[in-house]
Amino acid sequence: MRTSPVRNGIQTGTIFGIIMVMMFLIGFTVIGAELIGKILGNPSISGMPDLIYFVIFMILVGVWCGVSAAKRPLYGPDSVKDAVLAGLSAGAICGLCAAVTGFIFGSVAANHIDVRAYLVSVSPESISMFTFNQNPTLGALALFGVMTLSSFLSALVAVEVRTSQKIRTMIENTSGSISETVHSQRISDLLNNKYARYGFYLIVAIALIILPRTWGGYWNYVFGTVGIYIILGLGLNIITGWAGQLVIGYVAFFAIGAYTFALLTAPVPHNLLWNFWIALALGIVVAGISGLLIGLPILNLRGDYLAIVTLGFSEIIRILLKSDLLTTFTGGPRGVHDVGGPTLFGSSFNTDVDFMYIIIIAVLVVSFLAYRLQNSHTGKAWVAINLDETVARATGINAFVSKLLALALSAAIAGLAGALFASRNQFTGPDDHQLMVAINVICLVIVGGIGNIPGIFLGAFALKGLPEILREIENYRMLVFGILLIVMMRLRPEGFLPAKRPVLEKFTADQRSSTDPASHPGNLETNTPPGKGK
Amino acid sequence: MLLSIENLQVYYGAIHALQGIHFSVEKGEIVALIGANGAGKSTTLNTISGILRPREGKISFDGQEIQQTPPQDIVRKGIIQVPEGRKIFGRMAVWENLEMGAYTQKDRAVIKRDVESVFDRFPRLRERRNQLSGTLSGGEQQMLAIARGLMAHPTLLLLDEPSMGLSPLLVEQIFDIIQDINEQGTSILLVEQNAQMALAIADRAYVLETGKIVMQGTGDDLLEDKSVIEAYLGGH
């Protein structure tokens, strides 16, 4: 049995229609238009983006709707007709939703009623844009027309692209030649070539040295933040990615590192004015010890206790830091000002460029540490505990000590990030240590690819770098995170760059030499993906 | 006496899972522990390997009391458990699983040699050494679980239901392997629901029922015992 194309289309259209209406109600239609304007090189300086960008935005939604509606029925002689029919009905339904919404809000706005009392984001300007600056009836009709037409045409094109032999062979040829190039012997030789790799490292190193000097303070600020989040991500990855123990209140250790550093170097409230490096080391140590102390009573329990306890701990820390009671000791709600900057051989080393170097070095050191840990005996033990704690214990792993070590290391790395953060901003306060920081870190680890070091870099760039660049969507960060996480779980449940188990190296080399090669065809099988082995 | 259990009492909260059992394993023996679901067989093994703590009783291994020893030290003493249900590290490759089995061994060269000798015993695993172990067939997974246990050079191997969920042919293979391991000097404590097979290879056997040992004897004796036949072998 196949479902009828119209029904398919109506389903898809309803989904897109609802999304459309929701986007309008939270004001995302305006943001979308603004983004498109920005991408096309015409940012709106103030107020509303041009109408044309909104039209483009709506057409894009329509195209997406049409393409996804036309996706399903792709067999049988009627498939082209079916697909186009599905696209048309999807567009019609989506357009209908938009039109009804546009008509209602257009009429409301025409009667000079301000709905912002109920729906904060629905300003008269956004309503008027939603109805293409027309009167309600005309605007609704236009909305309906635009959605239906774009969906219909895109379905047509999508089917055409998919069924046309010519285009298909073209795509196959291109992707084939691309993958051939990527997988070709020459490239893989190049990747494995020692000198080529050193050359690559050299280029990266030069870029890392030159870029902070040339790209200016703003970018140093953005990428400094990214760097700090990379450090946080690498730290959280140890306990959550490898050892498999969810830590929600990771920000607590970040706060402890930041405050330890800040209180030791700031003139107020204690006037200790310690040296940067000693305070940094102490920030790391104190955060690590606090991780140890938190872990001691709970890590021999299984389950999500650690998540809950650290969540509580981070809130306690934040509230304590904010309380008036401790103002004389921690600076209270106003935080700690004039936190000390780095010095090098007695002279100040505290420009934004200098600080960028320090962050880069810290990222490199932590990545190196993480890389070494990953392949170590301890790292293996963490993964084993993550996979099956009982069996891990039965193979002789001291699960409690392993987990404790992981947590302490994670906490210490968070302490490093916190100290750097406080020093760079020359300030730290309770509001720097909201739970949102920890949630950001969890998100970036998951999105990037849990358990994978390059994935964490990617995640940090995607989640901390992009929002800085695309400031418009800042208010929708939670929404975007939510969508991103759902989409990730659906499409790439292991993250953009999933962790690869280091499978294909260990025993192949000495296998060839040590035993009779004829006796086991395994050498050939090593490159076969699982499941095709037989 | 290699392993002796005296008056072992284990509780899960208020549930009295093991109600004072006594038994022993001599050097070089295969001892089977048979019984129905919930009789306390796995509990016994988990208590011996230190994952569960007894409330009362004594476990001595090689003359030392080990009931308070943590699991990682028990592994170092030479008691290795192959857990129930083919619990391998599914997202690790076959060879990585074996490496984990040798966790207590720090010398890489020794590990490599041991992996080779385990591969000699299980040629099938050698063919699949780079495969993710979760993608192995059931029989191969069970072999891997046993092979991982062997990596630690056990004096006493605790096998928890090695025949679980395997076809009769594979069960026979697994039991051949168990006998083979035993002949090379490893003592074996075998927990099984498949009483027929277990009793056939066991030197001695104990029947466990709701936390108590209700019967004991040589494997052959129990195979012929009427009540055992009725309860566990499906006879009438």
Centre separation in Å (Cα based) which lies between region A:433-448 and region A:87-122: 35 Å
Computed Kirkwood radius, in angstrom, where 1/r is averaged over Cα pairs of region A:5-177: 16.8 Å
Residue-by-residue Karplus 3J(HN,Hα) for region A:380-388, coefficients 6.51, -1.76, 1.60, Hz, glycine and proline x: 4, 4, 4, 4, 4, 4, 4, 6, 6
MRE, 222 nm, helices only [DSSP H, n ≥ 4, -39500 (n - 2.57), over chain B, to nearest 500]: -11000 deg cm²/dmol
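What length, rounded to one decimal in nm, is gained on full extension from A:Q426 through to A:I278, with 0.36 nm per residue of separation minus their alpha-carbon distance?
Result: 51.6 nm gained on full extension.
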Peptides A:267-276, A:355-364, B:179-188 ordered by average Cβ neighbours within 10 Å, highest first: A:355-364, B:179-188, A:267-276
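Quick check on region B:3-232: what does the Kirkwood estimate of hydrodynamic radius come out to from the alpha carbon pairs, in Å?
For region B:3-232, inverting the mean 1/r across all distinct Cα pairs yields 17.9 Å.
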Relative contact order for region A:5-177, counting Cα pairs under 8 Å that sit 6 or more residues apart, in percent: 31 percent
For region A:287-298, Karplus couplings with θ = phi - 60° (6.51, -1.76, 1.60), whole Hz, Gly/Pro x: 4, x, 5, 5, x, 4, 5, 5, x, 3, x, 10
Prolate/oblate/rounded call for region A:281-405, Cα gyration tensor, a/c under 1.5 rounded: oblate
Whole-Å distance, taken between Cα centres, linking region A:286-325 and region A:396-416: 14 Å
Of A:G495, A:Q374, A:T395, farthest towards positive along the dipole that unit charges on Lys, Arg, Asp, Glu beta carbons give the protein assembly as shown: A:G495
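Ignoring any ligand, DNA or RNA, what whole percent of the accessible area of the protein assembly as shown comes from carbon and sulfur when the probe is 1.4 angstrom?
The value for the protein assembly as shown is 63 percent carbon and sulfur by accessible area.
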Solvent exposure ordering (accessible area, 1.4 Å, most first) of A:M147, A:M170, B:M197: A:M170, B:M197, A:M147
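Under a Cβ-Cβ cut-off of 10 Å, what is the net charge of the residues other than B:L156 that fall near it, where Lys and Arg count +1 and Asp and Glu count -1? Numbers along the way, then the final one.
Numbers: positive: B:K27, B:K77; negative: B:E29, B:D62.
With Lys, Arg at +1 and Asp, Glu at -1, the neighbours total 0.
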Mean Cβ count within 10 Å, highest first, over the residues of peptides B:48-61, A:453-466: A:453-466, B:48-61
Exercise: per-residue mean of other protein chain Cβ atoms within 10 Å, A:393-406: 6
Largest to smallest accessible area among A:C65, A:C97 [probe 1.4 Å]: A:C97, A:C65
List B:E224, A:E468, A:E125, ordered by accessible area with a 1.4 Å probe, largest first: B:E224, A:E125, A:E468
Residues with amide H under 5 Å from that of A:T343, placed H, sequence gap 5 or more: A:F276, A:W277, A:F349
Local net charge near B:I146, Cβ-Cβ under 10 Å (Lys/Arg +1, Asp/Glu -1): +3
A:A117/A:D338 FRET efficiency (R0 56 Å; Cβ-Cβ; nearest 0.05): 0.80
Shielding score for A:102-109, defined as the mean number of other chain Cβ atoms within 10 Å: 0
Dipole of the protein assembly as shown [Lys/Arg +1, Asp/Glu -1 at C-beta], most positive-end residue of A:Y357, A:L149, A:T327: A:L149
Number of Lys pairs (Cα under 22 Å; 8 or more positions apart or on different chains) in chain B: 14
Peptide B:41-54 - average C-beta neighbours from other chains (10 Å radius): 1
Cα-based shape type of region A:397-470, given that a ≥ b ≥ c are square roots of the gyration tensor eigenvalues and the cut on a/c is 1.5: oblate
Estimated D of the protein assembly as shown in µm² per second, where Rh is the Kirkwood radius over Cα pairs and Stokes-Einstein applies at 10 °C, 1.306 mPa s: 51 µm²/s
Difference of contour (0.36 nm per residue) and Cα-Cα distance, A:I171 to A:L326: 49.2 nm
Relative contact order computed over region B:24-76 (Cα-Cα under 8 Å; 6+ residues apart), in percent: 24 percent
Approximate spin-label separation A:I308-B:K58, in nm, with each point projected 7 Å along Cα-to-Cβ: 4.1 nm
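If you take every DSSP beta bridge fully contained in the protein assembly as shown, what fraction is antiparallel? Give it as a percent rounded to 5.
For the protein assembly as shown, the DSSP antiparallel bridge percentage is about 60.
Run the dipole for the protein assembly as shown about the Cα centre, Lys and Arg Cβ at +1, Asp and Glu Cβ at -1, nothing else charged, and hand back the magnitude in debye, nearest 20.
Its charge dipole is roughly 1680 debye.
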Simple Cβ-charge dipole of region A:5-177, Lys/Arg +1 and Asp/Glu -1, about Cα centre, in debye nearest 20: 420 debye
Surface accessible to a 1.4 Å probe, A:W219 within the full protein complex, Å²: 90 Å²
Equivalent ellipsoid semi-axes - Cα gyration tensor, region B:76-161, angstrom: 18, 16, 11
Student exercise, chain B dipole from Lys, Arg, Asp, Glu Cβ charges, in Debye to nearest 20: 1000 debye
16 Å Cα-Cα reach of A:K322 towards aspartates and glutamates, excluding residues that sit fewer than 8 places from it in its own chain: A:D431, A:D432
Pairwise burial B:A, computed as accessible area of each alone minus the pair, summed, 1.4 Å, Å²: 3500 Å²
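On average, how much accessible surface per residue is there in the protein assembly as shown, in Å², for a 1.4 Å probe, leaving out ligands, DNA and RNA?
Numbers: 36180 Å² over 770 residues.
Using a 1.4 Å probe on heavy atoms only, each residue of the protein assembly as shown averages 47 Å².
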Unit charges at the beta carbon, dipole of region B:2-73: most positive-side option, B:Y12, B:V25, B:I66: B:Y12
Hz values of 3J(HN,Hα) by residue in region B:177-185 - Karplus curve (6.51, -1.76, 1.60), Gly and Pro given as x: 4, 4, 4, 4, 4, 5, 5, 8, x
FRET efficiency, 1/(1 + (r/R0)^6) with R0 45 Å, evaluated for A:L484 and A:T137 via beta carbons: 0.75
Mean separation of Cα contacts under 8 Å, 6 or more apart, over the residue count of region A:220-491: relative contact order %: 36 percent
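The values are calculated or read from the model by the stated rules, or taken from the named source; none is laboratory data. Quantities reported herein were computed from a predicted structural model and do not represent experimental measurements. When we count neighbours, we look across all protein chains shown, and the Cβ atoms used for this are built from the backbone with ideal geometry, even at glycine. Heads up: the accessible areas ignore ligands, DNA and RNA and are worked out on the full protein's heavy atoms, side chains in. Shrake-Rupley method; radii C 1.70, N 1.55, O 1.52, S 1.80 Å.
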